[in-house]
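The values are calculated or read from the model by the stated rules, or taken from the named source; none is laboratory data. Quick caveat, the model's predicted, so the values are computed rather than measured. When we count neighbours, we look across all protein chains shown, and the Cβ atoms used for this are built from the backbone with ideal geometry, even at glycine.
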Amino acid sequence: MKNFGQPTASGSAPVSAPAKRPVPVLLYHRIITESVQDDWANIAVHEKVFRRHIELLDRWGYTAITFRDYLLSMKGALDLPKRPVIITFDDAYEEVYTVAKPILEQYAMRSVVFVVGDVKMRESVWDKGKGKVFRLLTDQQIIELNRDGHEIGSHSMSHPDLTSLPESEVWQELMRSRMLLEITLNAPVQSFAYPYGLVDERVKWMTREAGYLFACAAYTGPSCFGADLFEIRRVKVLDTANPFMVRMMLHPWYTRLRWVWWRWKRLRRPPARAAHTPSPTQGDEPSRH
């Protein structure tokens, strides 16, 4: 493994590679009760639409698991359900607790919530570019989510583009956020989501060395879940996703098709941009959230 200048974190060696199998990983941000405005259509899903999505998953026989569950299956300590799905939330907006949690738990579904580690960051300061910020989860809400079976992962300390930072700052974003979240939860934090979905080989290596066992991208990474546990491809679910679209998102061929499209667009880009930036085409751009 290429050395980027820091010693290996103890206990960071990944568990033996699991058998690859279809596990769709869905990506949400905000679940809101007001109408979805155009400015926020990229990250907001109305409560009624989200409820419909969860109802469909339940009707079609899907069971929501966490990365902790998948880790147990890698160790041979847990058999995965027939139709597993992983529901993730980036940024940890307060609505995850106040709106999404009751809906998920009505259908016995759990989720993975990626939280920024800076306890002073109680609003989504990265949203300022659009003129408005939103409340984030409190420590107590994070603790209750974890207590009730939802997995808490790290989303860095302050939500920067890690690929643009010097190594010393990347280490701080990765390791300090994990440490602070583990103190809050009194439990291990094993999963990570790259802010904006941006990742390169250096950041991926550092994430592994920082002690994480799973790391989520957005539109990058292999099409098959389990092929690279440090660049897990996800499907962003928008407010416009109707039942047919949700059904498509759950099939392995859909992820494969999106992967082929992403690879084709990436090969057409100049080499300087190919290092860490996903395709700028509609549906394959960094979420900027």
For this session: Tell me, yes or no, whether segment 82-96 has at least one residue that is part of a helix (DSSP H, G or I) and in contact with a strand residue (DSSP E or B) (Cβ under 8 Å, 6 or more places away or on another chain).
Result: yes
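Residues are listed down the side, and each one gets a yes or a no for (1) surrounded by fewer than 23 Cβ atoms within 10 Å (Cβ to Cβ); (2) in contact with a Phe, Trp or Tyr (Cβ under 7 Å, 6 or more places away or on another chain); (3) in a strand (DSSP E or B):
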site	(1), (2), (3)
34	yes, no, no
45	no, yes, yes
58	yes, yes, no
76	yes, no, no
80	yes, no, no
Problem set entry | Residues being of a type in the set (S, T, N, Q), at pLDDT 95 or above and either in contact with a Ser or Thr (Cβ under 9 Å, 6 or more places away or on another chain) or part of a loop (DSSP other than H, G, I, E, B) (or both) - total across segment 173-229 | 4
Seminar exercise, completed: Given (1) within 18 Å of residue 198 (Cα to Cα); (2) over 19 Å from the mean Cα position of the chain (by Cα), residue 159 misses just (2)
Problem set entry | Unique residue being under 19 Å from the mean Cα position of the chain (by Cα) and either under 20 Å from residue 197 (Cα atoms) or of a type in the set (Phe, Trp, Tyr) (or both) when the list is 165, 136 | 136
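Does residue 288 qualify as being charged (D, E, K, R), at pLDDT below 95, surrounded by 14 or more Cβ atoms within 10 Å (Cβ to Cβ) and outside any loop (DSSP other than H, G, I, E, B)?
no
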For this session: Report whether or not residue 120 is of a type outside the set (Val, Ile, Thr), out of contact with any Ser or Thr (no Cβ under 9 Å at 6 or more places or on another chain) and either closer than 14 Å to residue 184 by Cβ or in a strand (DSSP E or B) (or both).
Result: yes
